[in-house]
Amino acid sequence: MKKHRLALFVSGTGSNAINIATYFNQHNSVKIGLFVTNNATSPAIQVFQAMDIQCEIIDNIQAADGKFLIDLCAAQTIDHVVLAGYLRLIPAAFIHAFNNRIFNIHPALLPNFGGKGMYGSRVHAAVLEAGEVESGITVHLVNEHFDEGRTLAQFHCSVDQNDTIETLRIKVQVLEHDHYPIVIEQTLNLENHV
Ligand code: GRF
């Protein structure tokens, strides 16, 4: 069977990307073919290099250049892209080239607490500020509007009175690590059967 080849895009520490790469290591139908980051100090770079996965560090001009990103992916015959804490706007040409084949994860229950500027601890601060009793994660496809592509799955956690940004971040990260790879795998499996 032909393997899906995924690219992982990261701006931060890349814990999700590393978790996804570990999950798909030796997988029979999915291979991580490319790691892309606009953060030259991301600790994930060393991990991916050690896993012998092609790593590309891009600058902000390259990140805004759809053709550049398309060519980068084409060179590694990438068929799906996974955003894992990637904070640059994805150029429209790239979204069109990978129509419905770009995954993203948001650390809250969209459509709430999403949109431009809502990332990282800002999301958890807003959830706490709003007095929510639950939060969670949303795995969705990417379109041209921030956090508005089709939702693939959501998973919930409780928000307790004594939660802080940090405790909520950890609860959400546990959900991310448990579910993001599996939602990607299931979505790719479904595609294989249409
Ligand atoms: C995660 O919370 C993810 O939901 C969001 O960015 C964060 C990335 O964290 N999109 P990490 O770099 O994978 O640890």
Go through the range 29-41 and give me each residue that's in contact with a strand residue (DSSP E or B) (Cβ under 6 Å, 6 or more places away or on another chain) and either within 11 Å of the ligand (Cβ to nearest atom) or part of a helix (DSSP H, G or I) (or both). T37
When the range 45-66 is examined, which residues are found to be in contact with a Cys (Cβ under 9 Å, 6 or more places away or on another chain) and either at positive phi or surrounded by 15 or more Cβ atoms within 10 Å (Cβ to Cβ) (or both)? I45, F48
Output for the range 1-28, where each listed residue is open to solvent by less than 10 Å² (accessible area, probe 1.4 Å) and either among the acidic types (D, E) or outside any helix (DSSP H, G or I) (or both): L6, A7, L8, F9, V10, G14
Selected residue (only one of V159, V82, V183 is more than 14 Å from the ligand (Cβ to nearest atom) and at pLDDT 95 or above): V159
Kindly indicate the residue of the range 92-139 that is part of a loop (DSSP other than H, G, I, E, B) and touching a Leu at 6+ places or on another chain (Cβ under 7 Å) and also nearest to N16 (Cα to Cα) among those meeting that condition. Y119
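The values are calculated or read from the model by the stated rules, or taken from the named source; none is laboratory data. Keep in mind it's a predicted model, so treat the numbers as computed, not measured. Using ideal geometry, Cβ is built from the backbone for each residue, glycine included, and neighbour counts are taken over all protein chains shown. In case anyone asks, the SASA skips ligands and DNA or RNA and just uses the protein heavy atoms, side chains included. Shrake-Rupley method; radii C 1.70, N 1.55, O 1.52, S 1.80 Å.
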